[in-house]
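Report on the following structure.
The values are calculated or read from the model by the stated rules, or taken from the named source; none is laboratory data. Source: prediction; values computed, not measured. Please note: Cβ atoms are built from the backbone with ideal geometry, for glycine as well, and neighbour counts cover all protein chains shown.
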Amino acid sequence: MSKLIKPEHYEPLLTPKQTEQGIKLIKDFFQINLSTELKLRRVTAPLFVLKGLGINDDLNGVERAVSFPIKDMGEAKAEVVHSLAKWKRLSLAEYNIEPNHGLYTDMNAIRADEELDNLHSLYVDQWDWEAVITPEQRTADFLQNTVKRIYSAILRTEYLTCEAYPQIKPFLPSEITFIHSEDLLKMYPDKTPKEREDAICKKYGAVFLMGIGARLSNGEKHDGRAPDYDDWSTESEPGKPGLNGDILIWYPVLNRSFELSSMGIRVDPKALLKQLEIEHQEDRKELFFHKKLLNNELPLSIGGGIGQSRLCMVLLHKGHIGEIQASIWPDDMRKECESWGMPLI
């Protein structure tokens, strides 16, 4: 409960019925824009994968996946996905998708170790997307161009939402600002990573923060990132490793920064070996996914996840993600939120 934020003077702008209609409007419109912008085809995705293949997203490497035995497969263990970061790359190869095209899917996950607050839920839903690229496109410029295209789709969706519900006023800036986590550290050396995100987002409104996962000049990471999907160790600029990042905005309803997407250019065999060594996880080279990557059986790619409930929460100006999605919340959190005028579904 200590991390729960009470929005000042909060009052829902939509009725429950309008909220549900708005959620559908946003999800339908945005995914069409995303697929058109990045040339993505929709595919069906799994809710769980077999344990021990290295396919599940390890997030920061400490979160426990929800698992269960499969009776008809000799009690083999399955894991509910954290995300589809690596499964999507396998699918690109299976569908034999050509460069500059890709796929997206509705990803539903359970993250049992999540610390629950206004933004974090046990249930995670996002548009997981992945596209094939060429060796020449593994650059910071290509990454930033892709971010701009995703952000333009977000802006168009905000415009449509405000047209449908005039009581909602747009607040996102017309452009997104790019900054590297090392530069952000130099700007705010006495602040924590979260405080630095708040400061830069309040200044610019929308930011793509690059270089997530590598250690900065102070010896610390801005945030954790698994070593086997995003390429955070490649030298995109002198002294500034990282071909990945997060799309962050300043969210005035909660008066804080707000992450909408995590994405990046994915590891090639060289970057995978380097990052596994940095994280002392060389044993993962023997897993199914990692073997295929090291044997050059998977295409080079760029990809990420865009939070569905989070995008709806922002564009409908809600104070808690539980006003958008049905999940499990502590009783005291439900009571507290009810008293603040934001009843949880």
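Given the options E98, E115, E20, E75, name the one that is closer than 23 Å to G224 by Cα and surrounded by fewer than 17 Cβ atoms within 10 Å (Cβ to Cβ).
That would be E115, the only listed residue that is closer than 23 Å to G224 by Cα and surrounded by fewer than 17 Cβ atoms within 10 Å (Cβ to Cβ).
What are the pairs, 6+ residues apart or on separate chains, where a residue within the range 146-157 that is modelled with pLDDT of 95 or more has its Cβ under 8 Å from a residue that is aromatic (F, W, Y) and surrounded by fewer than 21 Cβ atoms within 10 Å (Cβ to Cβ)?
V147/F178; R156/F29; T157/F29
Please go through the range 1-57 and give me each residue that is aliphatic (A, V, I, L, M) and free of Cβ contacts under 8 Å to residues at least 12 places away in the same chain, ordered by number.
I32
Of the residues Y10, Y95, which single one is at pLDDT 90 or above, more than 30 Å from M333 (Cβ to Cβ) and of a type in the set (F, W, Y)?
None of the others qualify; the one that does is Y95.
Within the bounds of the range 300-321, is there any residue that is more than 22 Å from the chain's Cα centre (by Cα) and in a helix (DSSP H, G or I)?
Checked against the condition, which is being more than 22 Å from the chain's Cα centre (by Cα) and in a helix (DSSP H, G or I), the range 300-321 yields no hits at all.
Please determine whether any residue of the range 177-192 is of a type in the set (F, W, Y) and in contact with a Pro (Cβ under 8 Å, 6 or more places away or on another chain).
Looking through the range 177-192, none of the residues is of a type in the set (F, W, Y) and in contact with a Pro (Cβ under 8 Å, 6 or more places away or on another chain).
Hey, could you check the range 40-72 for residues that are surrounded by 12 or more Cβ atoms within 10 Å (Cβ to Cβ) and of a type in the set (G, A, S) and say which is modelled with the lowest pLDDT?
So the residue we want is G54.
I'm trying to understand the selection: among the residues of the range 294-308, which are closer than 14 Å to I265 by Cα and aliphatic (A, V, I, L, M)?
Of everything in the range 294-308, those that are closer than 14 Å to I265 by Cα and aliphatic (A, V, I, L, M) turn out to be L298, L300, I302.
Looking at (1) under 19 Å from the mean Cα position of the chain (by Cα); (2) modelled with pLDDT of 90 or more, which is the one condition that is false for N100?
In the conditions (1) under 19 Å from the mean Cα position of the chain (by Cα); (2) modelled with pLDDT of 90 or more, N100 misses (1) alone.
Quick one: count up the residues across the range 304-345 that are farther than 16 Å from L155 by Cα and β-branched (V, I, T).
Residues meeting the conditions: 4.
Considering the range 102-134 alone, what residues qualify as being among the aliphatic types (A, V, I, L, M) and more than 30 Å from M342 (Cα to Cα)?
Passing the criteria: L103, A131, V132, I133.
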